[in-house]
1. For a quick check of your reading of the model, give me the residue pairs whose first member lies in the range 86-105 and is at positive phi, whose second is modelled with pLDDT under 95, with beta-carbon atoms closer than 6 Å and at least 6 apart or on different chains.
2. Can you confirm whether the range 54-62 contains a residue that is under 14 Å from the mean Cα position of the chain (by Cα) and surrounded by fewer than 14 Cβ atoms within 10 Å (Cβ to Cβ)?
3. If you go through the range 36-53, how many residues are over 15 Å from the mean Cα position of the chain (by Cα) and farther than 10 Å from G91 by Cβ?
4. Kindly establish whether D169 is touching a strand residue (DSSP E or B) at 6+ places or on another chain (Cβ under 9 Å) and not assigned by TED's automatic domain parsing to the domain that holds V93.
5. Do we have any residue at all in the range 94-109 that's among the β-branched types (V, I, T), assigned to a helix (DSSP H, G or I) and in contact with a strand residue (DSSP E or B) (Cβ under 9 Å, 6 or more places away or on another chain)?
6. Just to verify a result, which residue in the range 66-80, among those that are β-branched (V, I, T) and crowded, with 16+ Cβ neighbours inside 10 Å, is farthest from I30 (Cα to Cα)?
7. Please find, among A87, A51, the residue that is in a helix (DSSP H, G or I) and surrounded by 14 or more Cβ atoms within 10 Å (Cβ to Cβ).
8. Do you know which residues across the range 139-176 are touching a residue at least 40 places away in the same chain (Cβ under 8 Å) and assigned to a loop (DSSP other than H, G, I, E, B)?
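The values are calculated or read from the model by the stated rules, or taken from the named source; none is laboratory data. Predicted model, so just to flag it, every value in this text is computed and none were measured. FYI the Cβ positions are ideal-geometry reconstructions off the backbone, even for glycines, and counts take in every protein chain you see.
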Amino acid sequence: MAYKAQRYIPLVRDKKPLIGILVVRRDSKIKEVRDLDGKVIAFPAPNAFAASLYMRAILTEKFRINFTPEYVKTHDNVYRQVILGKAQAGGGVNNTLLRQPEEVRRELRVLYETPPAAPHPLSAHPRVPKEVRDKVKEAILSLANDQNMKGLLDKVQMPNPVPADYARDYNPLEKLRLEKYLVLE
């Protein structure tokens with residue numbers, strides 16, 4: 001969307017794909033996605049890509065279910081809403097669930113995973129000169145080879161940066177027409 005709006009250029013992204021997940025309580029009677037028809041589903045924010053935007057598009061277009069979205073600000077809140085029974089399911093991403101404490105993870109079951117997508121890139125506005133973009137990309141990629149800096153990359157959820165390419169990594173997402181599911185705030 002940033003590319004479409006102002007032609008932002010993706011520089012680097014993490015190697016690991018982003019996968020949206022739909023979780024339910026481990027003891028839930030919900031066994032398949034269609035069981036969520038008419039239910040409340042928690043999401044972190046309306047325009048969070050894999051956890052909400054992509055997931056809502058799939059639930060609507062592929063599974064053809066109706067549901068009431070509830071936006072609860074963070075992935076942590078999504079998981080807790082499901083555990084507390086305030087939502088019958090919740091959207092998140094593989095990485096945020098893995099970062100949850102064991103006592104949270106053991107209460108949840110992944111019901112559905114989206115197809116993998118390239119994770120959020122570090123991007124530059126097109127007015128940034130190519131030489132500067134290349135130096136920034138090179139610097140970030142070199143951080144991955146420095147054991148003292150790996151922790152910084154992990155904190156921004158890019159532990160294994162690789163060069164990003166719009167045509168290869170992000171252009172396929174245009175076919176999903178996700179702008180149809182955007183919530184303008």
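1. none
2. No.
3. Residues in the range 36-53 being over 15 Å from the mean Cα position of the chain (by Cα) and farther than 10 Å from G91 by Cβ: 5 in total.
4. So D169 passes the test.
5. Among the residues of the range 94-109, at least one is among the β-branched types (V, I, T), assigned to a helix (DSSP H, G or I) and in contact with a strand residue (DSSP E or B) (Cβ under 9 Å, 6 or more places away or on another chain), which makes the answer yes.
6. V72
7. A51
8. Q157, M158, P159, N160, A164, D165
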